[in-house]
Structures are given as structure tokens and as C-alpha cells.
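Heads up, the thing below is written out as C-alpha cells.
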Amino acid sequence: MTQHDYERLGYNGLSKRLFAAGYDLLNAGVENRVIPYRRLTAGLADGRVLEVGGGTGANLKFYPPGVDLTFVEPNPHMAHRLQRNARQLGMSVNVSPGFGEDLPFDDASFDTAVTTLVLCMVSDVERVVTEIRRVLKPGGRFLFYEHVVSSHSKIKAWQGLLNPFWKFATTGCNLNRDLSGEIELAGFSNVELRRFSLSVGLPITIPNIVGVAIA
Ligand SMILES: C[S@@+](CC[C@H](N)C(=O)[O-])C[C@H]1O[C@@H](n2cnc3c(N)ncnc32)[C@H](O)[C@@H]1O
């Protein structure tokens, strides 16, 4: 992907730069509560690993030693931070520009794929999960941790009301996506997922899913 492509897609603009610069700070308040789910995704990866939407590299320190790590990250300001954080941790990683909707890899080339807090932001969830299944080897695992829409009508209504503001402030994160349906319908041989509420400080909880899909 060229600089021109990023500009055309609005991925090199000021808002994306600010989101990348503020992301770790924005996350700092909840990061401790998220760590168990980073361990259940990145922490269980093995072999040749693809993380889609790696952001600033929040998962880096949770990967087991010896994994061969590739990231796809469309925001160049995030990618820059990811590379810098990997260097500081003494980790050698590949960071590719690109989008989950069109992964620049051959079929069946990874043992594990990981997304954490990414499917809320992509343009086309169905295409991203189909692409993830395509690049996984047969039997390969897709480990995911995502926030989702609530099944309670009142919370769901609040998520719908807040969504336009949240989406604007975060340059594209949606509070009101189901996501489990797209993962279950993407043709994986087996999907196991658990729903839970993540407390981000009383009285607010956010509905989440964590799980694994087998290619
Ligand atoms: C909320 S951040 C999560 C970052 C990281 N995975 C984490 O757990 O902290 C979402 C990331 O997904 C990236 N992203 C947005 N749209 C994407 C797409 N279509 N394909 C791949 N990554 C995307 C964003 O640039 C951003 O870095």
C-alpha cells in the first residue's frame, strides 16, 4: 500500500495520528482489566502468527517466546509505535501496511491469527473474518477478544445513542456490533466463545466476547 492509498482512505490524516498518539493513554484506565484476555489470545498463540490491527503493540509482551510474529496495521502512526515498542522489547516482528479485508498473504500461511479490540473498527467484519480463515492453515486457530453489542435492550439502546460520538472520537470504533454472528458464519470448523461483562469502573460494564475459531 502506498502513501497515496493511505491518504485516499483517510488513514494518514490528523485524526488517525491523534488516535495513535493518545491510544495507550486512553486505554490505560482499563488495560489492567484487559490483561487476562490478552493472555487468552496472544498468550496462547503459536507457530507463525498473524495479528490483524496490532495498534501500538499492546499484545507484544503477551506472546510466548519463539513465535514468528507478523502484524497488519493500516494506521501508519500506530504501525510506527508498534515497531518502536517491539524494538524496545527486543522483539523482531514484521509489520505490514494493509487492511484485514484484503490480507496480503497466501492461503494457509499462518498457524494462529489474533484480533483484540479490532473487529469493532474494521469496515467489513464478514470480509475480515473470511480473510482470516483463508490465511490460516487447516486446523489453525483464530483467537479473538472483542467488545460487542449488549443483549439487554436498555444497554443496547444506550450503545446505539452513544455510537456516533464514540465512533467520531475514536476514528471508527463501533459500540453496537454483534460480531459473534460473523465469526460463527465464516466457515470455521468449530467456534467456541464466551460472553462476559468487563467492568470498567462502576457503574459501567461493557459486553465482551473471547474465544477461538478453528480453521
Ligand atoms: C482499538 S485499536 C486495538 C489495537 C490493539 N489490537 C489492542 O488490542 O490494543 C484497533 C486497531 O485496528 C486497526 N484497524 C482499523 N481498521 C482496520 C482494518 N480494516 N484492518 C485492520 N486493522 C484495522 C486500527 O488502526 C487500530 O490500530
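Within region 170-192, residues that are among the acidic types (Asp, Glu) sit with their Cβ atoms under 7 Å from residues that are assigned to a loop (DSSP other than H, G, I, E, B), at 6+ positions apart or across chains, in these pairs: Asp178/Val148; Asp178/Val149.
Candidates are the residues of region 193-215 that are of a type in the set (A, V, I, L, M), outside any strand (DSSP E or B) and without any contact (Cβ under 8 Å) to a residue 60 or more places away in the chain; the one that is nearest to Thr112 (Cα to Cα) is Ile204. Of everything in region 120-149, what is within 9 Å of the ligand (Cβ to nearest atom) and not in a helix (DSSP H, G or I)? Give them in sequence order. Selection gives Cys120, Met121, Val122, Ser123, Asp124, Tyr145.
Restricting attention to region 49-66, the residues that are more than 9 Å from the ligand (Cβ to nearest atom) and buried (at least 18 other Cβ atoms within 10 Å of the Cβ) total 5.
Taking each residue of region 114-131 that is closer than 24 Å to Leu198 by Cα and among the hydrophobic types (A, V, I, L, M, F, W, C) and looking for partners that are part of a helix (DSSP H, G or I) and near the ligand (Cβ under 6 Å from one of its atoms) with beta-carbon atoms closer than 6 Å, six or more apart or interchain, yields Val122/Gly100. Just one of the listed residues (Pro97, Pro76) is more than 9 Å from the ligand (Cβ to nearest atom), modelled with pLDDT under 95, more than 30 Å from Gly160 (Cα to Cα) and not basic (Lys, Arg), namely Pro97. Taking the criterion of being part of a strand (DSSP E or B) and within 13 Å of the ligand (Cβ to nearest atom), the residues of region 110-119 that qualify are Ala113, Val114, Thr115, Thr116.
The values are calculated or read from the model by the stated rules, or taken from the named source; none is laboratory data. Just so it is clear, the model here is predicted, and its values are computed rather than measured. Because the Cβ atoms are built from the backbone with ideal geometry, glycine has one as well, and the counts that use them run over all protein chains shown.
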